[in-house]
Every structure is written in structure tokens, then in C-alpha cells.
Amino acid sequence: MKQLLKTLTETFGPSGYEDAVRDLILKEVKPLADEIRVDALGNLIARKKPLKGAKSPKRIMLAAHMDEIGVIASHIDKKGFVRFSNIGGTFGRYTLGARVRFLNGVKGVVGYDRLEQINDLLPINKMYIDVGATSKADCPVKVGDVAVFEQAFTEMGERIAAKSLDDRAGVAVLIETLRGIKSTQNDLYFVFTTQEEVGSHGAGTAAYGIDPDLGIAVDVTPTGDTPASLKMVMELGKGPCIKIRDAFMLADPRMVTWMIQTAEKAKIPYQREVLLVGSSDAREIQVARAGVIAGAVSIPVRYVHSASEMVDYRDLKNSVKLLIALLGKDASL
Ligand code: CO
Ligand code: ZN
């Protein structure tokens, strides 16, 4: 899974431009799935059918988003400096000084107009991308071109730092889960979604199309384990987090109970997640059509939405174990 994660995180895929990521995933899931399709929003849907003779199989939708945060060029000045806006939650403090890469391969460095106070808030509308151009005419970027952070995948013992671990970590976990499930009593839809970072649009339309009984998002969750972080219990290395609440959603208590009991029975470490900021695809799945029983398995991550997000590799492996334990058997909730 590590090599797969490296390739996934080093691939370009801001919201709406998930094509390269989808191609990679397609190669992995093709031999594992019974049916594959791509819908109008670009979601990749891989179905694993229930065993013949399974009585009243439940339709379960799993979702991990392919897209990552990024930036979009909005103006180019006569010296060739590129002004930009955010795609999703791109924060100034993480963007200044970063390197970015555009879809056409052009690279740039993010600078700031003029720092009066070194500790000022850093709004991105005072930033620009320097792509090495000297004029508007020789600037290789057009208005509307999109870019993501440029950053290498780095291993630090069990910890991994990379861009877009939100949510390529979830993508890798879903692929490995599909690989690990030999047979199932359920009708499983592994959905690699688009446009999560701009409002979970892909998950919403995919859930409408699939009409699942149960929905589980596999995404990352920020932790409370760094100096002076928010008071949250989630930590790196302590296992997958079972979502109870985040800023925009209450996970279904039946889903929470099912996940906790399954983890305890299988002796898989897990954490209880109450997240104070952000949400996931589970929110859109929960309110799709007439409503879906939904929850999430979250991988703890530090420095979310920076160019160097960090996970503990053991949490990914335990997330795969938990999902296999949940999905292989009868979904009894
Ligand atoms: Co995110
Ligand atoms: Zn995410």
C-alpha cells in the first residue's frame, strides 16, 4: 500500500480535475471489481456484488475523495505574476512560500506583496505565484489554470509526510479494502468521489444514483496531538477514528455502535472522533434522497491542507482491517 500511496499523493488532482488520479485508481480496481463505471461528475464507482444466495444484501456505499485542495489563476499582471484564488480550504499560512505545479506542468513559487509584520495574518489575495516569467506575454499560465502543491512523499519511520494525504490516504485504504474482501454478503459500491473539497458534490450525486442503505466515508480527520492544538482526542498511531460528530454532521448512532462493536470484537484499535472543524462526504450521503444511515472511518492526520500532511502508516493498515471486518460479513445494524 505504501508504494500506491506514494504514487497517489504525487499525482495532480485538484477538485474538478481528478482525471489523473482516477486513471491510477481504475488500473488498481479493474481486476478486483464486478462492475465499474464513471458518472457525469467523474466519480469512479466500483461494485463488488454479494455472494450468490446472500439473503437481502444491503447496499453499502463507501466513499473516498480523489480531489485535493489547490489554487486557480485569476489574473496575470504585466510582469507575469499570477494572482490566484483558492480551490477548497487553501490557507494562507500554508501557502506562502510553497511551490505549486499547474496541470500543464508549469511550476511556481508563492510570494507575498509586502510583509509589514512578520506574524501578520496571510490572506491569499495578497499573494502571487512567480512562475519565472518576466511579462504577461511570456507567462505560461492562463486565467483559469489550476495548480496544487508540489511536494515529495517522505517517510519518517512509521510516519509519512506528503501532500494530498487528504484524501489519497482514504483512497489507498479503500483500494486495499476492496483487494482484501474475497466475498461479501453485501452489495458494495466503492466510490472514488470528486469535488469533496468544494462541497462534496460528487458524493451527493453518486449517493443519489446508488441509493444506498448505508454510507461510509473514508477520509482524514485533524488531530489534537500537537502543541497547543484544539482539545480533541484524536492522535496519530492510535488507530482509525470512528466519527461521532464533526462540524456539519452527526453520524448515525446505529452506525457508530456497529463500528465500535466490530472493532472491539476484532481487536482492532480505534478512536472516538468528535471533530470541531470540517466534515466529509458522509454528510452529503446522509442527506441524499430520503436519507441514508451514514458514518465515517477517519484516518488521523496532522497539518491538514498543508503541503506536508502527516499520517501514521499503522493507522492506514488498521483502517483497512476495520473496513474488511465491517463489510465482509452481514451488515447487522
Ligand atoms: Co480536505
Ligand atoms: Zn478530505
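Annotations for the structure displayed:
- Debye, to nearest 20: dipole size of the chain, +1 on Lys, Arg Cβ, -1 on Asp, Glu Cβ: 740
- Gyration tensor verdict on the range 197-333 (Cα atoms; rounded if a/c is under 1.5, prolate if a/b is larger than b/c, oblate otherwise): oblate
- Unit charges at the beta carbon, dipole of the chain: most positive-side option, VAL274, THR177, GLN117: THR177
- Filter on LYS6/LYS265; LYS163/LYS317; LYS48/LYS163; LYS27/LYS163; LYS6/LYS329 - keep pairs with C-alpha separation over 24 Å: LYS6/LYS265; LYS48/LYS163; LYS6/LYS329
- Within the range 1-106, trypsin sites (Lys or Arg not before Pro) in DSSP loop having at most 13 other beta-carbon neighbours inside 10 Å: LYS52, LYS55, LYS78, LYS79
- Checking every one of the trypsin sites (Lys or Arg not before Pro) in the range 196-244 against DSSP loop status and a limit of 10 other Cβ atoms within 10 Å picks out LYS231.
- Selection from PRO140, LEU96, SER74, by position along the positive dipole direction of the range 70-149 (Cβ): PRO140
- Approximate shape of the range 45-95 as ellipsoid semi-axes (Cα gyration tensor, √5λ), whole Å, largest first: 47, 11, 7
- Estimated purely from DSSP H runs of n ≥ 4, each contributing -39500 (n - 2.57), the mean residue ellipticity at 222 nm for the chain is -7500 deg cm²/dmol once divided by its residues.
- Under a Gaussian network description of the chain, with springs only between Cα atoms under 10 Å, the residue in MET234, MET127, MET156 that fluctuates furthest is MET156.
- Distance between the range 1-60 and the range 216-243 - C-alpha centres, whole angstrom: 25
- Antiparallel %, DSSP beta bridges [both residues in the chain], to 5: 60
- Among GLY209, GLY92, GLY237, residue whose mean-square fluctuation peaks in a GNM of the chain (springs only between Cα atoms under 10 Å): GLY209
- For the range 70-149, size of Cβ-based charge dipole, Lys and Arg +1, Asp and Glu -1, in debye: 140
- In this structure, ARG159 and ALA137 have a Cβ-Cβ separation that, at R0 = 41 Å, corresponds to a calculated FRET efficiency of about 0.35.
- Our analysis of the chain gives Rg over Rh at 0.99, with the two radii drawn from alpha carbon positions and Rh computed by the Kirkwood formula.
- Of all aspartates and glutamates in the structure, those lying under 14 Å Cα to Cα from LYS55, and not within fewer than 8 positions of it along the same chain, are ASP187, ASP330.
- For the range 274-318: rounded, prolate or oblate by the Cα gyration tensor [a/c cutoff 1.5]: prolate
- Residue among LEU275, LEU26, LEU122 with the largest mean-square fluctuation in a Gaussian network model of the chain, springs linking Cα atoms under 10 Å: LEU122
- Of the DSSP H helices in the chain, none is both long (alpha-carbon extent of 27 Å or more along the helix axis) and hydrophobic (Kyte-Doolittle mean at least 0.0).
- Considering only SER85, ILE25, ALA263, and ranking their Cα positions along the charge dipole of the chain that arises from unit charges at the beta-carbon of Lys, Arg, Asp and Glu, the one farthest toward the positive end is ALA263.
- The range 70-149: C-alpha gyration tensor shape, a/c 1.5 cut-off, then a/b vs b/c: oblate
- Per DSSP, loop trypsin sites (Lys or Arg not before Pro) in the range 154-222 with at most 11 further Cβ within 10 Å: LYS182
- Restricting attention to the range 70-149, the count of lysine pairs at 8 or more positions apart or across chains with alpha carbons under 14 Å apart stands at 5.
- Charge dipole (debye, nearest 20) of the range 1-80; +1 at Cβ of Lys and Arg, -1 at Cβ of Asp and Glu: 560
No lab work stands behind these numbers, since they all come straight from the coordinates. Note that the structure is predicted; figures quoted are calculated from it, not measured. When we count neighbours, we look across all protein chains shown, and the Cβ atoms used for this are built from the backbone with ideal geometry, even at glycine.
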